[in-house]
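The values are calculated or read from the model by the stated rules, or taken from the named source; none is laboratory data. Since this is a predicted model, take the numbers as computed values, not measurements. Don't worry about glycine lacking a Cβ; one is built from the backbone with ideal geometry, like all the others, and counts go over all protein chains shown. These area figures cover heavy atoms from the full protein model, side chains too; ligands, DNA and RNA do not enter into them. Shrake-Rupley method; radii C 1.70, N 1.55, O 1.52, S 1.80 Å.
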Amino acid sequence: MSRSEIEFKTGKNMTETIKLTTDQIKLMSLFQNVTGATARDCIEDEKLDRVIFVVNPGKMGLAIGKGGTTIRNLQNVVKRNVELVEYSEEPAEFLKNMLNPKLISEVKINKRLDGSMQAIILVDAKKKGIVVGREGRNAEKARLLAKRYFQISSVLIQSPEKIME
């Protein structure tokens, strides 16, 4: 499997090199042909049999299509679940976009004593299951992308009453 390198800005003033396989580049091209929107990135999550596309801000509606028809067409072509995330240069905003902004009350990003970055996402206890997702799929997506774009090594989804500071 050959790899290509694509360099782009991640976060504030950080340039990261993200390596994409030839298959991922083909998927991004297919995504653009089917949806008319440009994907910034493509992650193949074999474990959960899905493809995650990161789209530019404001292009989510175009990628999904009226009534979700465009995204369903793409899923039929790739024969896997397709998930979309709207990109943001702000780590907290990006995490909200991944997990459902309406259900998240706050995102805190801290530097831990060992120098690593941690994100704590606060959600209502009744909505925590929805945010985490079946089998933790949404939480896993947040961990994958937070690490890939912002070097955030830990993403915790908590309810305010459970936080011990």
Item to check | ILE25, ILE52, ranked by accessible area, largest first (probe 1.4 Å) | outcome: ILE25, ILE52
Checklist entry - Using a 1.4 angstrom probe and counting only protein chains, how large is the accessible area of VAL77 in Å², to 10? => result 80 Å²
Checklist outcome for this item: So the angle from the long Cα axis of helix 137-150 to the longest Cα principal axis of the chain, reported in degrees to the nearest 10, equals 90 degrees
Next on the checklist: Against the 2.2 N^0.38 Å scaling, with N counting residues, where does the chain land? I'd like the Cα-based Rg ratio to two decimal places.
Outcome noted: 1.06
Checklist outcome for this item: Ordering VAL34, VAL78 by the accessible surface of their heavy atoms, 1.4 Å probe, largest first, yields VAL34, VAL78
Checklist entry - If the cut-off is 20 Å between C-alpha atoms, which lysines fall inside it for LYS111, apart from same-chain ones fewer than 8 positions away? => result LYS12, LYS96, LYS147
Next on the checklist: With a 1.4 Å probe and all protein chains kept in place, how much accessible area does PHE53 have, in Å² rounded to the nearest 10?
Outcome noted: 0 Å²
Checklist outcome for this item: Binned at 5 Å from zero, the C-alpha pair distances of the stretch 78-165 give percents of 3, 14, 27, 26, 18, 8, 3, 1, 0
Next on the checklist: Using the basic label-point model (7 angstrom from Cα toward the beta carbon), what is the GLN32 to ASN73 distance in nanometres?
Outcome noted: 1.7 nm
Item to check | Residue order for ARG143, ARG72, ARG137 - accessible surface, 1.4 angstrom probe, largest first | outcome: ARG72, ARG143, ARG137
Item to check | Cα-based helix-to-principal-axis angle, 22-35 vs the chain, degrees rounded to 10 | outcome: 80 degrees
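Go through LYS66/LYS127; LYS66/LYS108; LYS26/LYS126; LYS66/LYS128; LYS26/LYS102 and tell me which ones have a Cα-Cα distance over 31 Å in this structure.
Numbers: LYS66/LYS127 27 Å; LYS66/LYS108 34 Å; LYS26/LYS126 40 Å; LYS66/LYS128 29 Å; LYS26/LYS102 33 Å.
Over 31 Å apart, Cα to Cα: LYS66/LYS108; LYS26/LYS126; LYS26/LYS102.
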Checklist outcome for this item: Counting only backbone N atoms under 11 Å from a point 7 Å out along Cα-to-Cβ of LEU48, the residues of the stretch 136-153 in range are 136-145
Item to check | Apportionment of accessible area to carbon and sulfur, the chain, percent (1.4 Å) | outcome: 50 percent
Checklist entry - Using alpha-carbon pairs under 8 Å, 6+ residues apart, how would you state the relative contact order of the chain in percent? => result 16 percent
Item to check | Helix 69-78 vs. the chain, principal-axis angle (Cα, 0 to 90°, nearest 10) | outcome: 70 degrees
Checklist outcome for this item: Expected field for LYS127, accessible surface area in Å² at 1.4 Å probe radius, rounded to 10, holds 90 Å²
